[in-house]
Amino acid sequence: MNPIPGSIRFACQGCGHCCTGEPGTVYVSLAETIRIAAYLCLTPAELKQTFLFPFRDGYSIREDKYGNCLFYDGSCGIYPVRPAQCHSFPFWLKNLSSLEAWREVERECPGIGRGPLYSQEAVRRILRFSPL
């Protein structure tokens, strides 16, 4: 994380760039499936059948044919209970691995440079809960 400045401003702008356009894997733990199902007033079985597929020791969110997250429809339909992987974006290890990697994600994400200031310590705390 040393290539990244001592503090970073970030506030999600709801643009969906990180939720749409490219196939990817969004890890969802067993505990997260319960929270998401309750939020959507579904049973965990209904959530899994409709929105998830088995991945590692949990699940991943299905995507439409364009690589868009099924929960994103102009905004995140599960934002208050989104998985840790989503919650920790853009503070993923791959994004923080070099200044070049950070600049690349910065070009894609309009929330970087806006909102509250995250210290390196705050970013480290976020990373502890991220599956990436």
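Where a number appears in this text, it was derived from the coordinates with a stated rule and is not lab data. Predicted model only: the values in this text are computed from it and were never measured.
Details
- The amide H of Tyr118, built 1.01 Å from its N in the peptide plane, has Ile8, Arg9, Phe10 as neighbours under 5 Å, considering only residues 5 or more places off or on other chains.
- Structural descriptor for the chain: relative contact order 41 percent, calculated from alpha carbon pairs under 8 angstrom and at least 6 residues apart.
- Between amide H atoms placed 1.01 Å from N, distances below 5 Å from Gly111 occur with Gln13, all of them 5 or more places distant or on a separate chain.
- Entry note, the chain: the mean residue ellipticity at 222 nm calculated from DSSP H runs of n ≥ 4, each adding -39500 (n - 2.57), is -9000 deg cm²/dmol after division by the residues and rounding to the nearest 500.
- Semi-axes of the equivalent ellipsoid for the range 26-81, computed as √(5λ) from the eigenvalues of its C-alpha gyration tensor and ordered from largest down, come to 16, 14, 10 Å.
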